[in-house]
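Before any comments, here is the structure.
The values are calculated or read from the model by the stated rules, or taken from the named source; none is laboratory data. These numbers come from a predicted model, not from an experiment. Cβ: placed from backbone, ideal geometry, glycine included. Neighbour counts: every protein chain shown. Each accessible area value is taken on the protein alone, full model and side chains, heavy atoms only, with ligands, DNA and RNA left out. Shrake-Rupley method; radii C 1.70, N 1.55, O 1.52, S 1.80 Å.
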Amino acid sequence: MLRGAAAAYGRAMATHSTSALTDFRGVMIERGDPGYELARRVYNGMIDRQPTLVAQCAGADDVARGVAYAREAALPLAIRGGGHNGAGLGTVDDGVVLDLSAIRGIDVDPRARTVRVGGGCTWGEVDRATHEHGLATPSGIIATTGVGGLTLGGGLGHLTRSCGLAIDNLVSADVVLANGELVHASADEHPDLFWALRGGGGNFGVVTAFEFRLHEIDTVIGGPTFWPIELGGTVLAAYREFLPAAPRECSGFFAFVTVPPGPPFPEPLHMRKACGVVWCHTGDEAAAARDMQPLLDALPEPLLHGVQPMPHPVLQSAFDGVYPKGDQWYWRADFVKDIPDAAVDLHARFGPEMPTWKSTMHLYPIDGAPQDVAPEDTAWGYRDANYSSVFAGVDPDPANVDAIGEWSRGYQEALHPYSAGGAYVNMMMDEGPDRVRASYGANYDRLTRVKREYDPGNLFRVNQNIPPAR
Ligand SMILES: Cc1cc2nc3c(=O)[nH]c(=O)nc-3n(C[C@H](O)[C@H](O)[C@H](O)COP(=O)(O)OP(=O)(O)OC[C@H]3O[C@@H](n4cnc5c(N)ncnc54)[C@H](O)[C@@H]3O)c2cc1C
């Protein structure tokens, strides 16, 4: 244990009598300690919670101690991986935060094409390590996001259409259970737990290490194509015809954006609202040009076609500068099967009303490789959805919290009747138990039974919660 932590430990012990933290090796920070303000903060600046203790774990043994401590002291327990969760599920008022950010070892096995990743890693660290071997595993679209939360909720991004969700590439996980036991979960060991971890979020235990399958992906052909925002409906209508016919190597999410005010974007476009596609093609340049052409042919000349070869980690981190820690975030989401004309019209109405320049709407493709997996094979039940939509209101200024929330809510509520019913749990706010249940569909009841087996007391409840079956 580090020096400043000793006092914190003493205070925690004074407040809550337990022996669980006696051998804690990491850093413990309590209210009033230097560093508390920094330690309690998560990525979403709108979240302002005051935990009793932030325990920065040095390893799986510390995680087990922290879990035992929270259980014995009957304190609310939050698990923090990358701290990116929009609803702020990596922290909790008046409880314990187990911060995994120091558990970040990465071990690439290029021959087996696997990578073992510490439970507190961010995706940028993993992408860089695997890229050294010309390999990659699917994650999201922002490199600062945590491996832990993103993976356990499902994990969708640039490589989803070609290689599947992050959970579809998960080989095994080391998990500290609610009773403090450390187990290895895979298809052969604790198969029910392994099933539930793949989409069920942080409900079943603390993952201290993930093992992922790797793909031979080094350079991708990526970047945006933007059209004037007034063409939003036209571009979306063309995109919904184009994408299902495109090979799975060719992914591109539809977006309403404001062109960022800096390089690499041309100055005349800075701060101009636009619609378009952000591409990621895993083939060569000729294949990418060929596969993107049908969309370009169907539409007027774009404002910008900024597509080029780039190392996979460069595409993965392309938005990191626009979205630093501390902005205010309010987002809503839905799974989508089809985009009928009425939905296109609503998008064309709400998209251009983005209230701040960082606010955005994305439609991520989840057809292709994710649909090779049956709905009952993992906890992620929406294998028949073709898109995951997110309506993200974002701004650095707390004065704009109401505006970003109203736009995001209004947009999602208008489109919801055209959705598949549930939403990607990683892109939800605190929307209540019915919404969580809807997001797991037919898999929900089995999830509650696995929860009863592995966490009957619902210790892990600071998440999109799945209560144990009675
Ligand atoms: C800017 C931004 C971009 C994003 N882009 C994408 C994207 O492209 N694709 C995508 O799929 N999602 C994306 N997300 C959503 C993201 O997947 C979720 O916010 C996710 O919860 C973040 O994981 P985290 O570890 O950083 O979060 P945290 O806030 O640390 O944790 C969130 C939840 O996960 C649980 N958790 C985290 N780590 C562990 C662990 N090791 N063991 C057990 N439970 C754990 C916690 O209990 C908590 O409930 C993005 C989010 C942001 C803010």
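Brief remarks on what is shown
- Counting only strands (runs of 3 or more DSSP E) wholly contained in segment 313-428, the ones carrying 2 or more residues that are farther than 24 Å from Gly222 by Cα occupy 328-336, 387-395.
- Residues that are part of a strand (DSSP E or B) and open to solvent by less than 10 Å² (accessible area, probe 1.4 Å), drawn from segment 259-277: Ala274, Cys275, Gly276, Val277
- Residues considered: Ala73, Ala87. Of these, the only one that is within 18 Å of Glu30 (Cβ to Cβ) and surrounded by fewer than 24 Cβ atoms within 10 Å (Cβ to Cβ) is Ala73.
- Failed condition for Gly232, given (1) open to solvent by less than 10 Å² (accessible area, probe 1.4 Å); (2) under 30 Å from Ala58 (Cβ atoms): (2)
- Contact annotation: no residue pair with Cβ atoms under 8 Å, 6 or more positions apart or on different chains, pairs a residue in segment 77-91 that is of a type in the set (Phe, Trp, Tyr) with a partner that is near the ligand (Cβ under 6 Å from one of its atoms) and modelled with pLDDT under 95.
- All strands (runs of 3 or more DSSP E) inside segment 161-247 with 3 or more residues being over 30 Å from Ala73 (Cβ atoms): 170-176, 206-213, 219-228
- Listed conditions (1) open to solvent by 20 Å² or more (accessible area, probe 1.4 Å); (2) more than 7 Å from the ligand (Cβ to nearest atom); (3) of a type outside the set (Ser, Thr, Tyr) are all met by Ala143, apart from (1).
- Of the residues Val108, Val115, Val126, the single one that is part of a strand (DSSP E or B), more than 12 Å from the ligand (Cβ to nearest atom) and either among the acidic types (Asp, Glu) or open to solvent by less than 20 Å² (accessible area, probe 1.4 Å) (or both) is Val115.
- From the list Gly86, Gly140, Gly149, Gly120, the lone residue that is part of a helix (DSSP H, G or I) and within 16 Å of the chain's Cα centre (by Cα) is Gly149.
- Subset of segment 183-210 (residues that are open to solvent by 50 Å² or more (accessible area, probe 1.4 Å) and within 11 Å of Ala173 (Cβ to Cβ)): His184, Glu189, His190
- Residue, farthest from the ligand (Cβ to nearest atom), within segment 329-346, restricted to residues that are over 17 Å from Asn386 (Cα atoms) and crowded, with 20+ Cβ neighbours inside 10 Å: Arg332
- Qualifying positions in segment 90-103 - within 11 Å of the ligand (Cβ to nearest atom) and either closer than 14 Å to Ala70 by Cβ or of a type outside the set (S, T, N, Q) (or both): Gly90, Thr91, Val92, Val97, Leu98, Asp99, Leu100, Ile103
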